[in-house]
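Take a look at the structure set out below.
The values are calculated or read from the model by the stated rules, or taken from the named source; none is laboratory data. The model shown is predicted, which means the values in this text are computed figures rather than measured ones. Cβ coordinates were reconstructed from backbone atoms using ideal geometry, including for glycine residues, and neighbour counts include every protein chain displayed. Each accessible area value is taken on the protein alone, full model and side chains, heavy atoms only, with ligands, DNA and RNA left out. Shrake-Rupley method; radii C 1.70, N 1.55, O 1.52, S 1.80 Å.
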Amino acid sequence: MENIQGIKSVYLDDEKNIVVILDQTLLPREKVFLEVDKIEDLYEAIHSLRVRGAPAIGIAAAYGVYLFTKLVEAGDFESLYEAFKKNKDYIESSRPTAVNLSWALKRMENRLISEKDKKVDEIKLALLDEANQIREEDEAVCKAIGENALTLLKDGYGLLTHCNPGGIATAKYGTALAPIFLGLERGVNFKVFVDETRPLLQGARLTAWELHESGVDTTLICDNMAATVMNQGKVNAVLVGCDRVALNGDSANKIGTMPLAIVAKHFNIPFYVCAPISTIDISCKDENDIEIEIRNGDEITEKWYENRVAPKGVKTYNPCFDVTPNNLITAIITEKGIIYPPFHEGIKKLFEGDK
Ligand code: MRU
């Protein structure tokens with residue numbers, strides 16, 4: 001059995017001037033760590049989902065914007081800030097939906113500005129400190145989400161999850177998988193159904209690997225089997241991660257999440273969204289304000305097949321995320337507590353409390 005929780009999917013080697021990224025496109029067949037030393041390669045790694053999962057993208061962006069700004073020879077704050085902004089905008093354009101990307105970069109920018117009266121070398125060190133804090137905080141945040149989620153679950157529960165909200169999508173523990181990993185440490189065991197998650201198979205390749213290798217009772221199903229296992233009474237709760245939560249609780253997550261929520265409601269099964277507060281974007285009023293990434297159709301027609309399955313030239317439509325409407329969500333589980341409907345009230349309170 002592999003120590004999955006010991007794997008760091010993103011980290012910085014400051015001496016070698018590289019961001020190290022576990023290439024998630026090759027899992028579970030191969031475990032390859034990429035040594036990223038160019039900003040274009042970081043962009044490519046995020047865009048191609050070599051590093052993926054909302055919090056992990058934020059961590060990669062924070063380390064990247066630090067490293068590629070550190071490497072710029074700037075004589076004063078203004079020229080450093082100019083280089084930083086160029087790097088920030090470029091990294092930010094790599095993927096649109098997961099708000100943690102822009103959240104982490106904004107946090108880095110705020111830190112840079114707050115240090116503006118210091119020497120350039122000191123400002124660079126402050127950026128490193130901020131990026132390290134973003135990584136460290138994420139680990140604590142995920143653990144707290146796991147603790148809060150565990151209060152809603154009972155030993156022996158059947159759970160269903162989608163995509164990969166696991167340790168490699170975060171600093172550690174994951175979001176929706178955090179209660180499962182924490183439970184395991186404490187002798188609280190679950191039977192977990194994992195959707196394969198078409199078209200990029202994050203469930204089959206990543207979640208099934210993380211859970212199975214950790215010794216969790218794991219059953220892989222195709223996406224279109226979820227209703228059947230729910231109807232058979234095998235699922236007590238659905239737990240998913242997310243990429244952006246709007247002020248009203250509408251939650252964007254991997255395509256295929258919304259149908260799970262619809263079916264869960266039909267069978268009266270609680271549907272929980274696990275979200276760090278960094279994933280809540282109060283500038284989005286509702287789902288209409290959330291930009292959904294549209295990816296290349298070859299992910300549907302050929303990417304994971306030895307031979308192309310679809311006729312050449314057929315039209316494709318490949319939205320990467322869907323938005324689950326708030327009325328299908330039982331609760332949003334954050335590190336600061338569990339929010340129940342009406343979500344806009346709970347979310348507002350949470351942000352007011354943060355001031
Ligand atoms: O396209 P991906 O693989 O980056 O999508 C990720 C998800 O949708 C996850 O469910 C989400 O980021 C989980 S939060 C750890």
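Among residues belonging to segment 63-104 that are in contact (Cβ under 8 Å) with a residue 60 or more places away in the chain and in contact with a strand residue (DSSP E or B) (Cβ under 9 Å, 6 or more places away or on another chain), point out the one that is nearest to the ligand (Cβ to nearest atom).
Here the answer is Ala98.
Have a look at Ile294, Ile290 and point out the one that is under 27 Å from Ser94 (Cα atoms), modelled with pLDDT of 95 or more, β-branched (Val, Ile, Thr) and open to solvent by less than 80 Å² (accessible area, probe 1.4 Å).
Testing whether each residue is under 27 Å from Ser94 (Cα atoms), modelled with pLDDT of 95 or more, β-branched (Val, Ile, Thr) and open to solvent by less than 80 Å² (accessible area, probe 1.4 Å) leaves just Ile290.
So, Ala56, is that one within 16 Å of the ligand (Cβ to nearest atom) and at pLDDT below 95 or not?
no
Here are some residues: Phe193, Phe181. Which one is under 29 Å from Val309 (Cβ atoms) and crowded, with 20+ Cβ neighbours inside 10 Å?
Only one candidate qualifies: Phe193.
Given the conditions (1) in a helix (DSSP H, G or I); (2) within 20 Å of Ala176 (Cβ to Cβ); (3) open to solvent by 10 Å² or more (accessible area, probe 1.4 Å), and given that Ile269 satisfies all but one, which numbered condition is not satisfied?
Result: Ile269 fails condition (1) only.
So for segment 127-136 (the condition being away from the ligand (no atom under 16 Å from the Cβ), farther than 18 Å from Glu109 by Cα and buried (at least 19 other Cβ atoms within 10 Å of the Cβ)), does at least one residue qualify?
The answer is no; no qualifying residue exists.
I'm checking my understanding of the structure. Among residues of segment 294-326 that are farther than 18 Å from Arg244 by Cβ and not in a loop (DSSP other than H, G, I, E, B), which one is farthest from the ligand (Cβ to nearest atom)?
Going through the qualifying residues, I end up with Thr301.
Free of Cβ contacts under 8 Å to residues at least 40 places away in the same chain, open to solvent by 20 Å² or more (accessible area, probe 1.4 Å) and in contact with a Ser or Thr (Cβ under 9 Å, 6 or more places away or on another chain): does that describe Thr228?
The answer is no for Thr228.
Quick check, is Gly256 on the phi > 0 side of the Ramachandran plot and not assigned by TED's automatic domain parsing to the domain that holds Lys106?
When the stated conditions are applied, Gly256 passes them.
Please work out if Asn327 is touching a residue at least 12 places away in the same chain (Cβ under 8 Å) and open to solvent by 30 Å² or more (accessible area, probe 1.4 Å).
Here the answer is yes, as Asn327 does meet what is asked.
Look at Asn148 and say whether it is open to solvent by 30 Å² or more (accessible area, probe 1.4 Å) and of a type outside the set (Phe, Trp, Tyr).
yes
What is the one condition in (1) open to solvent by less than 10 Å² (accessible area, probe 1.4 Å); (2) away from the ligand (no atom under 13 Å from the Cβ); (3) of a type in the set (A, V, I, L, M) that Ile262 does not satisfy?
All conditions are met except number (1).
Can you tell me which residues in segment 164-180 are part of a loop (DSSP other than H, G, I, E, B) and either within 6 Å of the ligand (Cβ to nearest atom) or not hydroxyl-bearing (Ser, Thr, Tyr) (or both)?
Those that are part of a loop (DSSP other than H, G, I, E, B) and either within 6 Å of the ligand (Cβ to nearest atom) or not hydroxyl-bearing (Ser, Thr, Tyr) (or both): Asn164, Pro165, Gly166, Thr170, Ala171, Lys172, Gly174, Thr175, Ala176, Leu177.
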